[in-house]
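The values are calculated or read from the model by the stated rules, or taken from the named source; none is laboratory data. Note that the coordinates shown come from a computational prediction; the quantities given were computed from them, not determined experimentally. FYI the Cβ positions are ideal-geometry reconstructions off the backbone, even for glycines, and counts take in every protein chain you see. Remember, those area values only see protein heavy atoms, side chains included, never the ligands or the DNA or RNA. Shrake-Rupley method; radii C 1.70, N 1.55, O 1.52, S 1.80 Å.
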Amino acid sequence: MLLGMMRALTLGLAAILSCAASARAEAPVQGGTLNVGFASDTKTLDPIFSIEFSERQVIYTIFNTLVRLDTDFSIRPELAASWEVQKDGTRVVFHLREGVKFHDGTAFDAAAVKWNIDRRLDPAVKSPQQSGLAQVIASVEIVDPATVAFNLKSPFPGLLGMLGQREGFMESPAAAEKAGADFGSNPVGTGPFVFREWQRGNHITVERNLGYWESGKPYLDRIVFHDISGSIVGIQRLLTGELDFVAELSPQDVRQVEGRKGIGLEPSPVGRWYSLQWQVDKPPFDNFKLRQAVAHAIDRKRLVDILMQGKAPVAEGATPKALWWYDPELRSYDYDPAKAKALLAEAGYPNGIDLTLAAPTVALLQQLDQLVQEQLKAVAINVKLEPVANSEWYARVVQQAINFTPQRWSQRPDPDGLFTILFHGKGYANSTNYKNPEVDALLDKARVLLDNEARKPLYREAQKIVTRDLPYVPLFFSVEYAAIRDVAQGFMWIPDEIPRFRDMWKTKS
């Protein structure tokens, strides 16, 4: 039942994914080094503490999750070979693969699973995943060495999707206890690649796990993740052959490589959600009319036309059309400069206001900020752009050292995965400090229902309220590309936009 629900995506997503699938059909070959360029804000490679987007690109090579996400967001076996749902959805029993070893030679078994989840649940550990898991899991029980049961506080259809992401990465208990705080710099998992080196600010190297449990894999000898300052540098290094793979490229970026011999482009199937966010409980954004004024002053279509070459959909909320909880009737604040000026006066700023907008050192976000600055100036909102290093940006957002900022979020396989962390009053990623008891009640009710058709109206109602309340100004769903040299093959997007490299290979040419 639970597995079936996790596969309940629309035909639209299946069609998009089918079109985005790689047409390369050459048989995999062993050997070679894949050179990946990424704008790294990596702080730790310990999945229990990871919060940065770039970290997961590396973590997915070193660690396995209990289950994995497929290209259509369906749930597939990984370290758990199978599972069954019992007691009306309040108990999920996982049957683990036997004979799997961590990179340090210790056994992966039910005790290791229990240790990984219990460690996340322990408030003293201070994992960012603690609050989300604690709302769901009552206990983890070892049935036998190859069987582990999750006893839930209530039915939770989002569990499997959660265990295919950060919460499901399994690390070596022995290595973690031995390394202590240094484990994030010396990670040990069961994954297809073994951590070898991290020169901070330069590169991270992982090498083939010779004892990997999945027969014949991985194909590559090693992967080197190279820090790049942005897409311009990444594309130049791709063109010179220093890099084989660069992602997070906008339609503007890829104009430099379109039609280039030896380089292919893979568009992501479901775009990341771009928005503006602020802290709704602190001046000046605790003023609802000011938030409304800003929302009405933003011309989202113009943003899409300039930043996305007109190829991306405008966002009315946080959910794109391809997902089953999308609401076709949802509408955000329309572009209306006259209304923006009137609301600004009603907010107590008839002569305008000065605001500071964070400007992360990401080319697309900097361009977005400049356009927002221009549009707000037209209604007497004067915006100062504050540069923030990409490596520090999200950490400062979480610490609430930044109030007004652009934001982007990738999708999750279940609506609870994004809605609860962002919009629930107790959400661990709720950096807007948004709290609405009605939204909390809708999300709490929806997350325990096992029927997606029963859940859908609850999520749609929650989206309407959130969109009205404006903790975020929804902007658009991006169109992003990976540029890949033809010698690197086997890449497939997952809808969460996090590149996976474990199944890639390089041709001998």
Task: Karplus (6.51, -1.76, 1.60) ³J(HN,Hα), θ = phi - 60°, over segment 215-230, in Hz, Gly and Pro reported as x - done: 4, x, 10, x, 8, 7, 6, 7, 10, 10, 9, 9, 5, 10, 6, x
TODO: Taking only the C-alpha atoms, wrap a convex hull around the chain and report its volume per residue in Å³ as a whole number.
DONE: 135 Å³
Task: Straight-distance crosslink candidates among lysines, where the alpha carbon sits under 18 Å from Lys341 and sequence neighbours closer than 8 are dropped - done: Lys289, Lys377
- [ ] Any chance you could check the Cα centroid distance between segment 119-136 and segment 392-410 for me, in angstrom?
- [x] 21 Å
Task: Cross-link partners of Lys464 among lysines (Cα-Cα below 17 Å; sequence separation of 8 or more within a chain) - done: Lys321, Lys435, Lys445, Lys456
Task: Full-extension gain in nm, Arg302 to Glu258, via 0.36 nm per residue minus C-alpha separation - done: 13.5 nm
Task: Euclidean distance between Cα centres, segment 276-298 to segment 413-450, Å - done: 21 Å
Open item on the list: Given a Förster distance of 35 Å, report the FRET efficiency between Phe288 and Ala181 from their Cβ-Cβ distance, rounded to the nearest 0.05.
Closed with: 0.25
TODO: List, in order, the whole-Hz ³J(HN,Hα) value for each residue of segment 345-354 obtained from phi through the Karplus relation with A = 6.51, B = -1.76, C = 1.60 and θ = phi - 60°; use x for Gly and Pro.
DONE: 5, 5, 6, x, 10, x, 9, x, 8, 9
- [ ] Figure the gain on full extension for Glu98 and Lys321 (residue separation times 0.36 nm, minus the Cα-Cα span) and round it to one decimal in nm.
- [x] 76.3 nm
- [ ] Taking only the C-alpha atoms, wrap a convex hull around segment 96-212 and report its volume per residue in Å³ as a whole number.
- [x] 119 Å³
Open item on the list: If you roll a 1.4 angstrom probe over the protein chains with everything in place, what fraction of the accessible area of the chain belongs to carbon and sulfur, to the nearest %?
Closed with: 51 percent
Task: Relative contact order [Cα under 8 Å, 6+ residues apart], segment 78-146, whole percent - done: 24 percent
- [ ] Tell me what the chain gives for mean residue ellipticity at 222 nm when only DSSP H runs of n ≥ 4 count, each as -39,500 (n - 2.57), the sum divided by the residue total, rounded to 500 deg cm²/dmol.
- [x] -8500 deg cm²/dmol
Open item on the list: When the expected Rg is taken as 2.2 N^0.38 Å, what fraction or multiple of it is the alpha-carbon Rg of segment 41-151?
Closed with: 1.10
Task: Solvent-accessible heavy-atom area per residue, rounded to whole Å², over the chain at 1.4 Å - done: 38 Å²
Open item on the list: Once R0 is set to 35 Å, what does the formula 1/(1 + (r/R0)^6) return for the Cβ-Cβ distance between Glu197 and Glu374, expressed as a FRET efficiency to the nearest 0.05?
Closed with: 0.20
